[in-house]
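Contents: one structure, followed by commentary.
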Amino acid sequence: MTVIARGGRGRVTSAWRKRLEIAFFVTPALALFALFVVWPIVTAVQLSVFRWKGFGPLTDFVGLRNYLTVLGDDVFVDSIVHNLIIVGGSIAVQLPLGLAIALLLNRKIWGQGLLRTIIFVPYVLAEVIAGVVWFQLLQPEYGVIDGLLGAVGLQTPEQGWLGDPDLALWTVLAVLTWKYLGLAVILFLAGLQGVPEELYEAAQLDGASWWQVQRKITFPLLGPTMRTWAFLSMIGALQLFDMVWILTGGGPANSTTTMATYLINQGTRSQNFGIAGAASVILFVIALIMAVLYQQLILSRDTRPDVVTVKKKKKVIR
Amino acid sequence: MMRKTRGAALVALGSTVALLVSGCIGAGSGSNGGETNENADAQEFTWWHNSNTGEGKAYYDQVAADFEAETGVKVNVSAMQHEDMGTKLQAAFQSGDDEQIPDVYMSRGGGELANEVEAGLVRDLTEDSADTISKISNFTDQYTVDDKVYALPFSMGIVGFWYNKDLFEAAGISEVSPNPTIEEFNGYLDKLKQADTTPLAVGAGDKWPAAHYWYYGVVRECPFDVVEAAIESADYSDPCFLKAGEHLEDIIGEEPFNRGFLTTPAQSGPTSASGLLATEKVAMELAGHWEPGVAGGLTEDGKVPDFLGWFAFPTFDGQGGNPADQMGGGDAWSVSAAAPDAAVDFVNYLLSDEVQQGFAERDMGLPTNPAATDSLANQTLAQLIPVRDGGGVTQLYLDTRLGQSIGGAMNDEIALVFAGEAGPQDVVDAIQSAAEAEQ
């Protein structure tokens, strides 16, 4: 290659060849991305400025009225709050719990493999299946959970765990914790494998207690894993749909609506596709802002060394 | 460098996921309004229906074959599950493509049909089916837009209370009126509660079963014309709508419902409202003519329970509506705008005495053709016929009547009344503001 490319013409050809090559390999991915990501977004944005019932041409242009309707709708505002509660609640509960279980399962104990599997099984189950199972378990009066609690003489809520507007969201959060704890544990376990054994040995030689070892060595070195997990958890909580739809459908009295259930309710159920489009764009913007903020404020720790080198190089150039 | 890339990749992943969610709401558009029908003489058409199992499917296959033999026109039958059909139909309408839209399909009437008519999707049957329409004219009101009939109802059922005769007897209720007053009805509730039986199951989790209580309040308090005028003028200020909500609050105040009714589904599984009735856990459920079939599917032996009885929604002292009016709904055949003329002949054939009698004999629904109403084999269903045909009007389920947009807002608000978080005025306000947004 280098021999032929010595002449000017050869170099041009090779550069073009390279570009062609890149184009050849990237185009299929780009085409799919455009078809399944860019195009739907463009359509959603387009729909969001029209009033459209699901058939016929888009003629009823309403400008930003759909956005005003969505943002002025208490149900939607509440659903943002519910999403944020689930974001916060998931991290606040699953982080310490997942960490504790991961530390336990990282020890050499009998049945380690089996225990790890059991913890991870809920995550493997399809969300819909887990939802239906929990829905039946949580039935008032006839459900297993009410039966067990009743058998030991405990009072269960009159309308059931999912039927009481004050309890429903927390019940959903509990089920979500059950479902997704396994993912946190497995990620933390993987992170723990990356902590060098020598550090523990050195700490032990220095006489550090178990708690000191965890606090000074394990947690800091698990940092990137925890931050990555928290990011995934946040995105998952923002777009939460399946579990809520099956357990409560957003009810009772809109106490568990999420942005995703709101837009489905408006779109396919009420045929307000414009309003649903506006809600989906708002959901997208909220998710994007949170993702960028998270990247800037929290994940930037993990990228800092790179940022420093870039700055240094710039100085040299000046 | 690796880490930085990963950070960026995470943002990319996050936004992609969010994009995909927001991308779910996407659709194309198209139009076919106002074109002349180039397809009028085609000797082939498609027919979508939802009798996709057992005897019903076999019967419709036979009906299509008979029509083919008679006329030589080929009928492409697609029998699908009800929800699938709804989804596919909506997708076909969204595409706006005549090739995708079936020639003969099921319509639920009301505001939904009006929207389809407005989009130019449905064929006017007023003249081509005049003979048929004259036979079933009691039921065509809900399928009429601007004095033109766009769908032929072939089954029309009414909603009422299905009750467990055994549990009623055990509670000491010896006489059950076929059309009780609210006082008599409350008497049933009291006796059932005294016998430690949960009187009612309602699938408020699905919203519409709960909303049926309010609809019936409207039917009892508002004369049919008042409702029509309100829809026409998008003005729901008539006090009768408020009274409907007050009656609903009174019934909820009796606390007659199953535990956890706010999240109870309508028909799926043994802990659904229909399941609780079928497994003798509650004494009553407000439901339509489908209830025996649904309940039969939820019992251990798969048979329609023998204990099922039926009575009409109670009437109120001094009510504004005609006591003979009932609330219900049905299914009708619509012909799409681009369908061949043979498709119209076919829907007329489907409404003929002969086909409707076969339909009734197989208990596929409550026939609209008077020549077929005596042919119903199932006596439980047959007892609905005299009430339905008792001289009153059958008001369509109001969510269907008002269209999904207003209907959805209405049902959401009624569900809040059941949860004790909204009152009669809120329901009226929700309908009013959704109707104004329509204008």
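The values are calculated or read from the model by the stated rules, or taken from the named source; none is laboratory data. A quick note: this is a predicted structure, and the numbers were derived from the prediction, not measured. Every residue, glycine as well, gets a Cβ built from its backbone with ideal geometry; the counts of neighbours run over all protein chains shown. Surface areas here come from the heavy atoms of the whole protein model, side chains and all, with no ligands, DNA or RNA. Shrake-Rupley method; radii C 1.70, N 1.55, O 1.52, S 1.80 Å.
Which value in nm describes the separation of the simple spin-label points at B:Asp235 and A:Val42, placed 7 Å from the Cα toward the beta carbon?
4.6 nm
Hey, can you rank B:206-218, B:62-74, A:202-214 by average C-beta count inside 10 Å, highest first?
Values: B:206-218: 25.5, B:62-74: 14.2, A:202-214: 11.7.
Result, highest mean Cβ count within 10 Å first: B:206-218, B:62-74, A:202-214.
What is the percent carbon and sulfur in the accessible area of chain B, measuring with a 1.4 Å probe over the protein chains and ignoring ligands?
Here carbon and sulfur together make up 46 percent of the probe-accessible area.
Which parts of the stretch B:368-386 would a label at B:Ser137 reach, counting a residue when its backbone N lies under 20 Å from a point 7 Å out along Cα-to-Cβ?
Residues B:368-373 fall inside that zone.
Taking H placed 1.01 Å from N in the peptide plane, check which residues at least 5 places from B:Ala332 or on another chain put their amide H under 5 Å from its amide H.
B:Ser107, B:Phe154
Give the accessible surface of the protein assembly as shown per residue, rounded to a whole number of Å², with probe radius 1.4 Å and ligands, DNA and RNA excluded.
Values: 34930 Å² over 757 residues.
Using a 1.4 Å probe on heavy atoms only, each residue of the protein assembly as shown averages 46 Å².
Spelling out what I want: for every residue of the stretch A:226-238, take phi, set θ = phi - 60°, compute 6.51 cos²θ - 1.76 cosθ + 1.60 (Karplus), and round to whole Hz; glycine and proline get x.
Using θ = phi - 60°, the values come out as 5, 5, 5, 4, 4, 5, 4, 4, 5, 4, x, 5, 5 Hz.
Note down the nm distance, to one decimal, between modelled labels 7 Å out along Cα→Cβ at B:Met80 and at A:Leu84.
The two pseudo-label positions are separated by 4.2 nm.
When the Karplus curve 6.51 cos²θ - 1.76 cosθ + 1.60 is applied with θ = phi - 60°, which whole-Hz ³J(HN,Hα) does each residue of the stretch B:210-220 get, with x for Gly and Pro?
Using θ = phi - 60°, the values come out as 5, 4, 4, 4, 5, 4, 5, x, 5, 4, 6 Hz.
Once the Cβ-Cβ distance between A:Ala92 and A:Glu158 is put in as r, and R0 is 30 Å, what FRET efficiency do you end up with, to the nearest 0.05? Before the final figure, lay out the partial values.
Details: r = 29 Å, r/R0 = 0.95.
Efficiency computed from Cβ-Cβ geometry: 0.55.
Quick check: Cα centre of the stretch A:130-160 to Cα centre of the stretch A:79-97, how many Å?
About 24 Å separates the Cα centre of the stretch A:130-160 from the one of the stretch A:79-97.
Can you list residues from other chains, or at least 5 along the same chain, whose modelled amide H is less than 5 Å from the amide H of B:Thr315?
B:Thr181, B:Ile182
Once label points are set 7 Å from the Cα along Cα→Cβ at both A:Leu137 and B:Asp196, what is their separation, rounded to one decimal in nm?
Computed distance between label sites A:Leu137 and B:Asp196 equals 3.0 nm.
How far, in nm, would the chain grow between B:Ala324 and B:Asp146 when pulled straight, counting 0.36 nm per residue and subtracting the alpha carbon separation?
This chain segment gains 61.5 nm when fully extended.
For the B and A pair, go ahead and give the buried accessible area with a 1.4 Å probe, both sides summed, in Å² to 100. Display every interim value, and only then the final one.
Working: alone 20110 and 19820 Å², together 34930 Å².
Roughly 5000 Å² of accessible surface disappears when B and A pair.
Averaged across A:270-283, how many Cβ atoms of other chains sit within 10 Å of each residue's Cβ atom?
Working: counts 12, 9, 6, 5, 1, 3, 3, 4, 1, 2, 8, 2, 1, 4.
Other-chain Cβ atoms within 10 Å of each residue's Cβ, averaged: 4.
How much solvent-accessible surface does B:Ile406 expose, in Å² to the nearest 10, with a 1.4 Å probe and all protein chains in place?
Rounded to the nearest 10, that gives 10 Å².
What does the extension gain come out to for B:Asp426 and B:Thr87, with contour length at 0.36 nm per residue minus their alpha carbon separation?
Result: 118.9 nm gained on full extension.
Count the DSSP beta bridges whose two residues both fall in the protein assembly as shown, then state the antiparallel fraction as a percent rounded to the nearest 5.
Here the share of antiparallel DSSP bridges comes out near 60 percent.
Compare the peptides B:221-231, A:270-280 by average per-residue count of other Cβ atoms within 10 angstrom and give them in order, highest first.
Per-residue Cβ counts within 10 Å, averaged per peptide and sorted highest first, yield A:270-280, B:221-231.
Place a label point 7 angstrom from the Cα of A:Ile129 along the Cα-to-Cβ direction, then list the residues of the stretch A:154-182 whose backbone nitrogen is under 16 Å away.
Under 16 Å, as judged by backbone N against the label point of A:Ile129, lie A:179-180 of the stretch A:154-182.
Could you give the radius of gyration (one decimal) and Dmax (whole number) of the Cα atoms in chain A, in Å?
My reading of the Cα-based Rg and Dmax gives 26.0, 91 Å.
Using only the alpha-carbon atoms, what does the protein assembly as shown span along each of its principal axes? Please give whole angstrom values in decreasing order.
Extents along the principal axes, in whole Å: 93, 79, 48.
Counting alpha carbon pairs within less than 8 Å and at least 6 residues apart, what relative contact order, in whole percent, applies to the stretch A:159-318?
22 percent
If you count, for every residue in A:244-250, the Cβ atoms of partner chains within 10 Å of its Cβ, what is the mean?
Details: counts 0, 0, 1, 2, 3, 6, 4.
Mean partner-chain Cβ count within 10 Å for A:244-250: 2.
Could you give P(r) for chain B, binned at 10 Å from zero, as whole percent values over all Cα-Cα pairs?
Cα pair-distance distribution for chain B, in percent: 4, 19, 29, 25, 14, 6, 2, 1, 0.
Spelling out what I want: for every residue of the stretch B:116-121, take phi, set θ = phi - 60°, compute 6.51 cos²θ - 1.76 cosθ + 1.60 (Karplus), and round to whole Hz; glycine and proline get x.
Along the stretch B:116-121, the couplings run 5, 5, 4, 7, x, 9 Hz.
Expressed as a whole percentage, what fraction of the accessible surface of chain A belongs to carbon and sulfur atoms when a 1.4 Å probe is rolled over the protein heavy atoms?
Heavy-atom surface of chain A belonging to carbon and sulfur, 1.4 Å probe: 69 percent.
With a 1.4 Å probe and all protein chains kept in place, how do A:Leu30, B:Leu384 rank by accessible area, largest first?
Descending accessible area places them as A:Leu30, B:Leu384.
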